[in-house]
Amino acid sequence: MNRFWKWTAGIFSVLLMAAFAVLSYMAGSPKDAYGMVRYALPHMHRGTLRLGSDAPDARIVALDGITRFHIRERTQQRPLVLVFGSFT
Amino acid sequence: MQIYEDYKDHADFLTVYVREAHPTDEWQMKSNVKDDVCYAQPKTFEQRVAIANDFTKRYKFPLPFGIDEMSNAANDAYAAWPERLYIIDEGGRIAYRGGMGPFHYTPAEVRGWLAARYGAVKHEAPKSPAGVAPASASGAAAPAPAATPAPVAPAK
């Protein structure tokens with residue numbers, strides 16, 4: 001039994017290292033792999049919206065930091081292309 | 001930006017600034033330093049507004065622009081982070097749902113949707129010196145607010 005657990009732990013460790021190596025390669029470096037796991041993955045979600053479902057509304061603030069409007073206010077006449085993103 | 005210029009007479013556009021993807025206090029990338037795009041993750045709404053204004057001024061960003069509140073309500077509703085594209089039709093329904101950025105952020109799909117509805121807009125390939133790759137003749141690349149490349153699939 002002891003040997004079983006040693007093998008299991010060994011294989012698991014090797015797989016873990018391999019996964020981290022692949023992730024490091026994909027991300028560019030081990031530091032970036034850590035950043036991806038630590039900061040990106042927790043915030044990335046596929047979401048539940050489907051084609052044809054009602055678009056959710058949300059309040060948005062204009063660049064002046066004061067004026068507020070709702071996404072749905074902009075969807076009554078023409079299609080609305082929504083582009084989400086940040087600076088960095 | 002080209003998509004906006006091509007279809008702004010047919011569709012409305014709205015860019016929504018959401019929480020930073022590669023701030024200095026989280027997962028900063030070398031490209032952020034190289035491009036001088038170094039910001040900490042905003043802790044206050046005023047900081048978020050300031051960064052959004054820096055972005056639009058730096059790139060003379062022409063699209064209508066809005067900022068998600070600190071509750072991240074828009075981001076959560078649309079699973080938007082770090083970057084994502086949607087089209088909402090006149091009836092308020094999701095007509096196009098882009099994949100999660102940066103790997104599945106595909107402005108060409110938005111262009112395709114708009115082209116199918118309003119007709120394709122063709123661009124002449126720019127005249128460029130030999131050896132210099134011309135820009136996309138289709139003009140498919142639309143601006144993502146992200147100005148720095150993602151690790152694998154760079155965001156435009």
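The values are calculated or read from the model by the stated rules, or taken from the named source; none is laboratory data. Source: prediction; values computed, not measured. Counting neighbours? That spans all protein chains shown, and the Cβs are built from the backbone with ideal geometry, glycine included.
Please work out which residue is modelled with the lowest pLDDT, limiting yourself to the stretch A:19-49 and to residues that are part of a loop (DSSP other than H, G, I, E, B) and within 7 Å of another protein chain (Cβ to nearest Cβ). Show your work before the answer.
Filtering the stretch A:19-49 down to residues part of a loop (DSSP other than H, G, I, E, B) leaves A:28-29, A:44-49.
If we keep only those that are within 7 Å of another protein chain (Cβ to nearest Cβ) too, we end up with A:28, A:44-47, A:49.
Working: A:G28: 83, A:M44: 86, A:H45: 88, A:R46: 87, A:G47: 90, A:L49: 95.
Per the stated criteria, the residue is A:G28.
Of everything in the stretch B:90-117, what is in contact with a helix residue (DSSP H, G or I) (Cβ under 8 Å, 6 or more places away or on another chain) and of a type in the set (G, A, S)? Give them in sequence order.
First, pick out the residues of the stretch B:90-117 that are in contact with a helix residue (DSSP H, G or I) (Cβ under 8 Å, 6 or more places away or on another chain): B:92, B:95-96, B:98, B:107, B:110-111, B:114.
If the condition is that a residue be in contact with a helix residue (DSSP H, G or I) (Cβ under 8 Å, 6 or more places away or on another chain) and of a type in the set (G, A, S), then B:G92, B:A95, B:G98 are the ones that fit.
Does the stretch B:45-55 include one or more residues that are in contact (Cβ under 8 Å) with a residue 40 or more places away in the chain and surrounded by fewer than 15 Cβ atoms within 10 Å (Cβ to Cβ)? Break it down stepwise before answering.
At the first step, the residues of the stretch B:45-55 found to be in contact (Cβ under 8 Å) with a residue 40 or more places away in the chain are B:55.
Pick out the ones that are also surrounded by fewer than 15 Cβ atoms within 10 Å (Cβ to Cβ) and you get none.
Looking for residues that are in contact (Cβ under 8 Å) with a residue 40 or more places away in the chain and surrounded by fewer than 15 Cβ atoms within 10 Å (Cβ to Cβ), one finds none in the stretch B:45-55, hence no.
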task = Can you run down the residue pairs with Cβ atoms below 6 Å, 6 or more apart or on separate chains, where the first is in the stretch B:21-40 and farther than 16 Å from B:F55 by Cβ and the partner is surrounded by 21 or more Cβ atoms within 10 Å (Cβ to Cβ) and modelled with pLDDT of 90 or more?
result = B:Q28/B:H22; B:M29/B:H22
inquiry  = Please count how many residues of the stretch B:39-63 are at the interface with chain A (Cβ under 8 Å from one of its Cβ atoms) and in contact with a helix residue (DSSP H, G or I) (Cβ under 8 Å, 6 or more places away or on another chain).
reply    = 2
inquiry  = Please go through the stretch B:69-106 and give me each residue that is more than 7 Å from every other protein chain (Cβ to nearest Cβ) and not polar (S, T, N, Q), ordered by number.
reply    = B:M70, B:D76, B:G91, B:Y96, B:G98, B:G99, B:G101, B:P102, B:F103, B:H104, B:Y105
note = Of (1) more than 8 Å from chain B (Cβ to nearest Cβ); (2) without any contact (Cβ under 8 Å) to a residue 12 or more places away in the chain, A:F84 satisfies every one except (1)
ask   = What is the residue count in the stretch B:57-82 for residues that are assigned to a loop (DSSP other than H, G, I, E, B) and crowded, with 23+ Cβ neighbours inside 10 Å?
value = 3
